[in-house]
Structures are given as structure tokens and as C-alpha cells.
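See structure below.
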Amino acid sequence: MTPDSTLPLSLQLKQQTAHKHEQMHRLMERAEPFSSRAQYARFVAAQYVFQRDVEALFALREIQTAIPDLETRGRVSAARNDLRDLDFVIPEMPLAEHITMPAALGWLYVSEGSTLGAAFLLKEVKKKLALSESFGARNLAAYPEGRAIVWQRFTRYLDEARLDEQGKAAEVIAGAHAAFNRFDNLLRHFFQLA
Ligand code: HEM
């Protein structure tokens, strides 16, 4: 589908990545991350490596300008602590290759959006694996201000970033696709799925 440049960027992103999100659901179903703590730890490993990629982007000055509340975002240390709780070796993998603005905003979109879906995942790990926001499932916890508020502020920043020219919005969308692909590859790697 061609992006509709009359829509706010956050909605273009939602529309243009809906199929990637759907694919992610199918992959998660295959991975069965809630069948045991050992399986779930593989998901956290993917989350850790992905969040490391995302937090590396916080150093970009243009990202700091576009998203001025970065200090409230990011889940690397939560994921690292969860891996320790779960006795899983902290993975050492190279960072995703050089990512620049405006594609970097697409990576942040995927990371921040995944905190919304994480509400569902948190419920599952609590029920099935007896983990919590303070042991093993810190990476799925809501931000202290609440998921919806922090998400709405993020989409407002995105929509105010003045990237409405077609070329720039397309680069952000390409960044979001790359981020979904990265998470997809990491899940396949840690769960040894083809
Ligand atoms: C099986 C696992 C997942 C489930 C069940 C799930 C579920 C959901 C749900 C219900 C929402 C909408 C929440 C709301 O509007 O309040 C959402 C949003 C989102 N999720 Fe997921 N999600 C999953 C995995 C992921 C992963 C792994 C990623 C990225 C790596 C991701 C990226 C996103 C994004 C970007 C949004 C925001 C869409 C938008 O409104 O623009 N999700 N997810």
C-alpha cells in the first residue's frame, strides 16, 4: 500500500507496518515463549539485543531533538536484569549496522509500540510463569507514567517532527520495517527457527 502522506506520520507508520506486526504475531506463536521459563528467556535475549540497538540511537543529536524525553524510554537494563534473574548468559552480538535519521525514528516507533503489546505479554508471563515486573519480566513493565500516556506523547513528537515530505516519511517507514526485521531475525536466532 502506498503511504498516504496526508495522514500524520504515526498513522502512516501504523498502516504501513500492520503486515509486519501480523507476521510478528505468527512468529511469536511458533516460538511459544510462554511454555517455560527457559523458552521465555530466549525472548528476553532477543529483546535485550534489540533494545541495545535502539538505545544506541539515543546518542544521535537529531533523535534527541525530535524525541526530547528519551531519558524515560528504553529497556536495556530491564532486559539485562531479567536475563540475570533467569540465569541466561547475556548475549554479545554486534549492534545493528549504522542507522541514521530519519530511519532511526522508525526503529523507535517499533520499540515504543512494542511496549503497548507488552501489556498482553506481561499478563501471560505472570499467569503462566509466575514472573513479575520485579523479577524476570521487568522488560515488559509499563513505564512509571503508564503505557498510554508515554505512547501518546511519543506519537505526538513523531507527528510534530515535520517529516511530512514524502521522501522523509518513507525513510522513517523503511526504518520501522528494518526494526521489525531485526526483531524477527533475533527471535529466529534465539529460538532456532527457520
Ligand atoms: C505476540 C506478541 C505481540 C502481541 C500480542 C502484540 C499486541 C499488540 C497490541 C494489542 C497492540 C495495540 C495496543 C494498543 O493500541 O493499546 C500492539 C501495538 C504495537 N505493537 Fe505489538 N504485539 C506483539 C509483539 C510485538 C513486537 C515483538 C513488536 C515489535 C518488535 C510489536 C510492535 C508493536 C507496535 C509498533 C505497535 C503500535 C502500533 C500502533 O498503534 O501504531 N509488537 N501490539
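The values are calculated or read from the model by the stated rules, or taken from the named source; none is laboratory data. Everything quoted here is computed from the prediction, not taken from an experiment. Note that we place each Cβ from the backbone using ideal geometry, even for glycine, and neighbour counts take in every protein chain shown.
Selection over the range 17-47 of residues that are touching a Phe, Trp or Tyr at 6+ places or on another chain (Cβ under 9 Å) and under 29 Å from H98 (Cβ atoms) gives a count of 14.
Inside the range 119-163, residues that are more than 15 Å from the chain's Cα centre (by Cα) and assigned to a helix (DSSP H, G or I) make up a count of 16. When L163 is tested against (1) buried (at least 17 other Cβ atoms within 10 Å of the Cβ); (2) modelled with pLDDT under 95; (3) near the ligand (Cβ under 10 Å from one of its atoms), only condition (3) is not met. Screening the range 89-118 for residues that are of a type in the set (D, E) and at pLDDT 95 or above and picking the one that is farthest from the ligand (Cβ to nearest atom) gives E92. Residues that are assigned to a helix (DSSP H, G or I) and of a type outside the set (S, T, Y) are absent from the range 89-102.
Restricting attention to the range 119-146, the residues being near the ligand (Cβ under 10 Å from one of its atoms) and surrounded by 17 or more Cβ atoms within 10 Å (Cβ to Cβ) number 1. Listed conditions (1) aliphatic (A, V, I, L, M); (2) surrounded by 17 or more Cβ atoms within 10 Å (Cβ to Cβ); (3) assigned to a helix (DSSP H, G or I) are all met by L116, apart from (2). With respect to being touching a Phe, Trp or Tyr at 6+ places or on another chain (Cβ under 6 Å), at negative phi and buried (at least 19 other Cβ atoms within 10 Å of the Cβ), A179 fits the description. Only one entry of F183, F190 meets the criterion of being at pLDDT 95 or above, part of a helix (DSSP H, G or I) and more than 26 Å from L11 (Cα to Cα), and that entry is F190. Of all residues in the range 28-50, those that are closer than 12 Å to V125 by Cα have Cβ atoms under 6 Å from Cβ atoms of residues that are among the aromatic types (F, W, Y) and away from the ligand (no atom under 12 Å from the Cβ), 6 or more apart or on another chain, in P33/Y40; A41/F88. Are there any helices (runs of 4 or more DSSP H) wholly within the range 1-88 with 2 or more residues that are within 15 Å of F183 (Cβ to Cβ), within 16 Å of the ligand (Cβ to nearest atom) and under 17 Å from the mean Cα position of the chain (by Cα), and if so which? It comes to 9-31, 37-56, 76-85.
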